[in-house]
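The values are calculated or read from the model by the stated rules, or taken from the named source; none is laboratory data. Note that the structure is a prediction, hence the values are computed from the model and not measured. A quick note on method: Cβ atoms are made from the backbone with ideal geometry, for glycine too, and the neighbour counts reach across all protein chains shown.
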Amino acid sequence: MPLTIAGESFGSRLILGTGGASSLTALEEAVKASGTELVTVALRRVEAAATMGGGLLDLLDRCGVRLLPNTAGCYTATEAIKVAHLAREAFETPWVKLEVIGDERTLLPDGVELVRAAEELVADGFTVLPYTTDDPILARRLADVGCAAVMPAGAPIGSGLGVTNPHHIALIRQNVEVPVILDAGIGTASDAALAMELGCDGVLLATAVTRAADPARMAAAMRHAVEAGWLAAGAGRIPKRFHALASTPDEGRPDL
Amino acid sequence: MSTDIEVVGAGPIGLAIGWRCAQRGMTVRVVDDGRTGAAHAAAGMLSPVAEAYFGEEALTGLLVESAKRWPAFAAELGDVGYRDDGTLVVALTSDDLAEAERLRAYQASLRLPITAMRASELRDREPRLSPRIRGGALAAGDHQVDPRKLVPALREAAIAAGASITLGEAGPAGVTVVAAGCGSAALAGVPVRPVKGQVLRLRAPDPGPPGFRHVIRGYADGRHVYLVPRADGEVVVGATVEELTDSAVTAGAVLDLLRAATDLMPDIAEYHLVEVVAGHRPGTPDNAPILGALDGRPGVVVATGHYRHGIVLTPITADLIADLVEKGVPDPMLAPFTPARFLS
């Protein structure tokens, strides 16, 4: 079953960010190995001119992936709204990954500014995918103002700490109707699988792949992990027990 | 045998190729459009070890080989600010140390000369380092040169060897060597893109050399910074890495660079800020240079896309390209860097 956001379908439930890539070649190999169909790019880090010789935008075009502009580096709603408009004009897409950062040390979202920016951008016709905290109430507020998905942080950006509050991620999944994409904090494949097992509809990650010693290999691992977690989430796992339960029952066994 | 060689681009790479070709008795003309190149901003670190990064083993091999040629190359040219005081890798926080250690372990696994150092050992070598630093490493073989001395020295050497250097456009020639940095994409159709870097130049408040002698490559709260002390009192602090083509110098870049620099070495705050400049590195998709004959364009050789490594790669680029031009056969060392690798 594909991931559907705002009526658009994606065969892959993995969204990749480009930040931290050591080279365009390494990034291209990772994008291909990840199987992703959606890649997020900070507007501030690239010029929209698609003429950049062998640059990032050409690369994404070559890989046949859709571009999701983001507002990374914005600290106020005003700034994020401005960057979102620039992105819509430059990349000719109303989709935006909305980031409004609260401080430089944690890079965690500022919830108040985030809701303000989301409300205005939705009213302006944007398809808004906000990067939010793992607060279930804030996630619901974002869904209520019309965001197309909510993207809670598993842990701070680039920290590789994994999903630090699994219970809240599960609560968010129950609290909103729109897709839940776990965004930020993933360190390795099992983190991504766990996020999917908690009920997330997708995972967005960058650093875990781009800064891995072998980015293409980690990208392939993430592809499998997201798929494995999604399959497991829908497969009806067994309850946890205190004591063992023999996999082959004793009753009815032949007397040998 | 005398050959007619035209080199497009009078940066360090073009001038060194012209010089080496002229030394071999070829008739050489170096042409340039007069625009400022990457060398104007470059710090001039010769850092094959501390720059070695995962997945870039072929590039590291070339950097190591070129760095070996630097002492003799510098001696031939005279005063180019060559200093062999070595490089210290310095990490501020435990997160920074983990990052620095990860890279050091990788570099050591390639048998490159790098030694882990405790904070106290680093501060014994450079007492002005902040007491807050957590640790780092010594890359004793990573040296430095001053690109603003190197370029005039190369011009002089090339002219003395019989090359002519002129402003203008490329004309007909037996062999044309495109060494035009960021301009090479338009001239030769190779995938070279400008990668903006903002660099500061400070000056020690007192006459004489700055209060430290090693190149410092720092990690400070997730920010990367380098400090390069020159014998004449200049300190180069760099550099941002931005996928942008403009040349604006920004408040944020100055703030980030100076915050990281002063976190690592507090008395940098007393130094005079004398210049902020934005340059563009000629970047390639795999961060390695593009060196060799261009398929389908007989008589055209490219030597470009040196990205962050133009200064350290100047000697070996000049030697290998002069060989190629003279003999018509590429040295096996050029194999990983051919223009053909981007054709598929």
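So how many residues does segment A:184-220 have that are in contact with a Ser or Thr (Cβ under 9 Å, 6 or more places away or on another chain) and in a helix (DSSP H, G or I)? Within segment A:184-220, residues that are in contact with a Ser or Thr (Cβ under 9 Å, 6 or more places away or on another chain) and in a helix (DSSP H, G or I) number 9. If you go through segment B:298-321 and keep only what is surrounded by fewer than 23 Cβ atoms within 10 Å (Cβ to Cβ) and under 15 Å from residue B:6 (Cα atoms), you end up with B:298, B:299, B:300.
Screening residue A:72 on (1) within 14 Å of another protein chain (Cβ to nearest Cβ); (2) touching a residue at least 40 places away in the same chain (Cβ under 8 Å); (3) part of a loop (DSSP other than H, G, I, E, B); (4) over 19 Å from residue A:185 (Cα atoms) shows it passes everything except condition (4). For segment B:215-232, the set of residues classified as over 17 Å from the mean Cα position of the chain (by Cα), part of a loop (DSSP other than H, G, I, E, B) and away from chain A (no Cβ under 13 Å) consists of B:231, B:232, listed by residue number.
So, in segment B:24-72, exactly how many residues are assigned to a loop (DSSP other than H, G, I, E, B) and among the hydrophobic types (A, V, I, L, M, F, W, C)?
From segment B:24-72, those assigned to a loop (DSSP other than H, G, I, E, B) are B:24-26, B:33-37, B:41-44, B:47-56; that's our starting set.
Subset that is among the hydrophobic types (A, V, I, L, M, F, W, C): B:26, B:41-43, B:49-50, B:52, B:54.
Qualifying residue count for the region: 8.
Screening residue A:62 on (1) within 14 Å of another protein chain (Cβ to nearest Cβ); (2) surrounded by 15 or more Cβ atoms within 10 Å (Cβ to Cβ) shows it passes everything except condition (2). Within segment B:15-27, the presence of a residue that is at pLDDT 95 or above, under 26 Å from residue B:227 (Cβ atoms) and out of contact with any Cys (no Cβ under 7 Å at 6 or more places or on another chain) is excluded. What number of residues within segment A:2-42 satisfy the criterion of being more than 15 Å from the chain's Cα centre (by Cα) and either in contact (Cβ under 8 Å) with a residue 24 or more places away in the chain or in a helix (DSSP H, G or I) (or both)? Number of matching residues: 13. Restrict the check to segment A:94-112 and report whether at least one residue is over 16 Å from the mean Cα position of the chain (by Cα), within 14 Å of chain B (Cβ to nearest Cβ), assigned to a loop (DSSP other than H, G, I, E, B) and buried (at least 18 other Cβ atoms within 10 Å of the Cβ). Looking for residues that are over 16 Å from the mean Cα position of the chain (by Cα), within 14 Å of chain B (Cβ to nearest Cβ), assigned to a loop (DSSP other than H, G, I, E, B) and buried (at least 18 other Cβ atoms within 10 Å of the Cβ), one finds none in segment A:94-112, hence no. May I ask you to verify whether residue A:122 is touching a residue at least 40 places away in the same chain (Cβ under 8 Å), assigned to a helix (DSSP H, G or I) and among the β-branched types (Val, Ile, Thr)? No, not satisfied. Cβ separations smaller than 6 Å between residues 6+ apart or across chains give the following pairs from segment B:233-257 residues that are within 13 Å of chain A (Cβ to nearest Cβ) to residues that are hydroxyl-bearing (Ser, Thr, Tyr): B:253/B:240. Of B:97, B:112, B:129, all but one fail to be in a helix (DSSP H, G or I) and in the same structural domain as residue B:223 (by TED's automatic domain parsing); the exception is B:97.
Screening the candidates B:177, B:199 for the property of being surrounded by 15 or more Cβ atoms within 10 Å (Cβ to Cβ) and under 16 Å from residue B:38 (Cβ atoms) yields one hit, B:199.
Residue B:46 meets all of the listed conditions (1) touching a Phe, Trp or Tyr at 6+ places or on another chain (Cβ under 7 Å); (2) within 14 Å of chain A (Cβ to nearest Cβ) but one, namely (2). With respect to the conditions (1) modelled with pLDDT of 95 or more; (2) out of contact with any Cys (no Cβ under 8 Å at 6 or more places or on another chain); (3) not hydrophobic (A, V, I, L, M, F, W, C), residue A:64 lacks only one, and its number is (1). Would segment A:15-23 turn up any residue that is buried (at least 21 other Cβ atoms within 10 Å of the Cβ) and over 30 Å from residue B:51 (Cβ atoms)? Yes, segment A:15-23 has at least one match. Restricting attention to segment B:234-252 and to residues that are among the aliphatic types (A, V, I, L, M) and part of a loop (DSSP other than H, G, I, E, B), the residue that is surrounded by the most Cβ atoms within 10 Å (Cβ to Cβ) turns out to be B:239. Screening residue B:91 with (1) under 25 Å from the mean Cα position of the chain (by Cα); (2) free of Cβ contacts under 8 Å to residues at least 24 places away in the same chain; (3) surrounded by 18 or more Cβ atoms within 10 Å (Cβ to Cβ) gives one miss only, at (2).
Based on what the data block shows, is residue A:162 away from chain B (no Cβ under 14 Å), without any contact (Cβ under 8 Å) to a residue 40 or more places away in the chain, touching a Gly at 6+ places or on another chain (Cβ under 6 Å) and surrounded by fewer than 20 Cβ atoms within 10 Å (Cβ to Cβ)? So that I can check it myself, show each step before the final result.
Values: away from chain B (no Cβ under 14 Å): yes; without any contact (Cβ under 8 Å) to a residue 40 or more places away in the chain: yes; touching a Gly at 6+ places or on another chain (Cβ under 6 Å): yes; surrounded by fewer than 20 Cβ atoms within 10 Å (Cβ to Cβ): yes.
When the stated conditions are applied, residue A:162 passes them.
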